[in-house]
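Report on the following structure.
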Amino acid sequence: MVWVGNQTLISHFILLGLFTHSPLHLFLFSTIMVMFLVALSGNGLMILLINIDSRLHSPMYFFLSWLSLMDLMLISTIVPRMATDFLLGRGSISFTSCGLQILFFLTLLGDECFLLAFMAYDRYVAISNPLRYSVVMSRRVCWLMVAGSWLFGLVDGLIQAIFTLTFPYCGSQEIDHFFCDVPAILKLACADTSLYETMIYVCCILMLLLPFSVISASYLWILVAVLHMHSAEGRQKAFAICSSHMAVVSLFYGAAMITYMRPQTHHSSRQDKVVSTFYTMITPMLNPLIYSLRNKEVAGALRKLLGRCPCGGGQV
C-alpha cells in the first residue's frame, strides 16, 4: 500500500476468478481445462501440418498458421494463470504482471481481429478473381498483412496497458474477473475515466467494427458468387463452409463488442466473465476445427504425417 494524501493507493490486485469450489464449478473448471488442451493440440497440429506439408504452402494456409499461433498465445495468456489461481486458492497479481497481461492479451486480440479480416479478403479474391489471385495475394502482400495485424494489435495493446495503469487505484484491490480485463480494472480507479472510455470506444470501432465490416462484405460477395454456381453440391458445400466461418467470426467479434463497446455503467461482472470466455477460450478451440481440420487438404496432410510414424505401419 502507498499513502497519497488521505488516500491509500494499492500496489497489487486480487483476481476473484471465474469459479468457486462448488461441485458445479469444479465440473465447469474441468471442462475449460479440456477446452484448453483441445485448443493447444488443435492449433499446434495445424501449425505443424502447414509448415511440413508443401501442399499447404498457399496464402490461405499461411494465414491459418498465423491464426493458430495467435490462438495458442491468446489462450495461454489467460487460462494457465486462471487455473493456477483457482488450484492454489490465491489470485494476487502485481501491477507489472497485470500490465503485461493486458498488453499481451489486447495485442493478440487486435492481431486476430485484423487477421480474420485479411483471411476473409483472401477468400473473396480467390473466388471472385481466381485468375489474378496469385498476383493480388503474393507472398509479399501476405507478409505485409500479417505484419500489419501485429503492428495494429501491438499499438492498441501498448496504449491500453499504459493508460489503464496510470490511473490511481485506491480502496478495493479485488478485480471481479479471471484476468486483468480493462473494463473490470477501471471500476477500481479513483479518478474520472470517462475520457479514456471514449478513447477505448474509438479504438474498438477501428479494431472491431472495421474488420468485421470487411469480413461481412467479403462473405456477402462470396455468397453472391456461390449462388451463380451451376453445381448444387458445390453450392451446398460452399454455404456450409461460409455459414460455419461466419458463425465463429460473429461469436468472436460479437463477444468482444459486448465487452468493450458498452458504457462502463452497463457492465455486469458476472456477464462480462461469461462473455469473455467466448473470445479467450471457445473461439481458440473452435478455429482449427472450423477453418482447417475439416478441409480435405489438411486431412490428407494429417494422413501423410501419421503414415510417417512407426505406429502408422508406413501407410499413408
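The values are calculated or read from the model by the stated rules, or taken from the named source; none is laboratory data. This one's a predicted model, so the numbers in the text were calculated from it and none came from an experiment. Glycine gets a Cβ as well: all are built from the backbone with ideal geometry, and neighbour counts include every protein chain shown. When the accessible area is computed, the model is the full protein with side chains, heavy atoms only, and any ligands, DNA or RNA have been set aside. Shrake-Rupley method; radii C 1.70, N 1.55, O 1.52, S 1.80 Å.
Below is a table of values for the structure above.
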read-out	value
From 96, 107, 20, residue being in contact with a Leu (Cβ under 6 Å, 6 or more places away or on another chain) and β-branched (Val, Ile, Thr)	107
Qualifying residue in region 54-75 (condition: of a type in the set (A, V, I, L, M, F, W, C), in contact with a His (Cβ under 9 Å, 6 or more places away or on another chain), at negative phi and surrounded by 14 or more Cβ atoms within 10 Å (Cβ to Cβ))	no
Inter-residue pairs, beta-carbon under 9 Å, first without any contact (Cβ under 8 Å) to a residue 60 or more places away in the chain and in region 182-205, second open to solvent by 50 Å² or more (accessible area, probe 1.4 Å), 6+ apart	196/163; 199/159; 199/163; 203/159
Conditions (1) of a type in the set (Phe, Trp, Tyr); (2) without any contact (Cβ under 8 Å) to a residue 12 or more places away in the chain; (3) open to solvent by less than 10 Å² (accessible area, probe 1.4 Å); number of the one not met by residue 27	(3)
Every pair of residues 6+ apart whose Cβ atoms lie under 6 Å, when the first sits in region 220-241 and is in a loop (DSSP other than H, G, I, E, B) while the second is of a type in the set (A, V, I, L, M, F, W, C)	none
Qualifying position, being at pLDDT 95 or above, of a type in the set (A, V, I, L, M, F, W, C) and farther than 24 Å from residue 173 by Cα, among 48, 64, 72	72
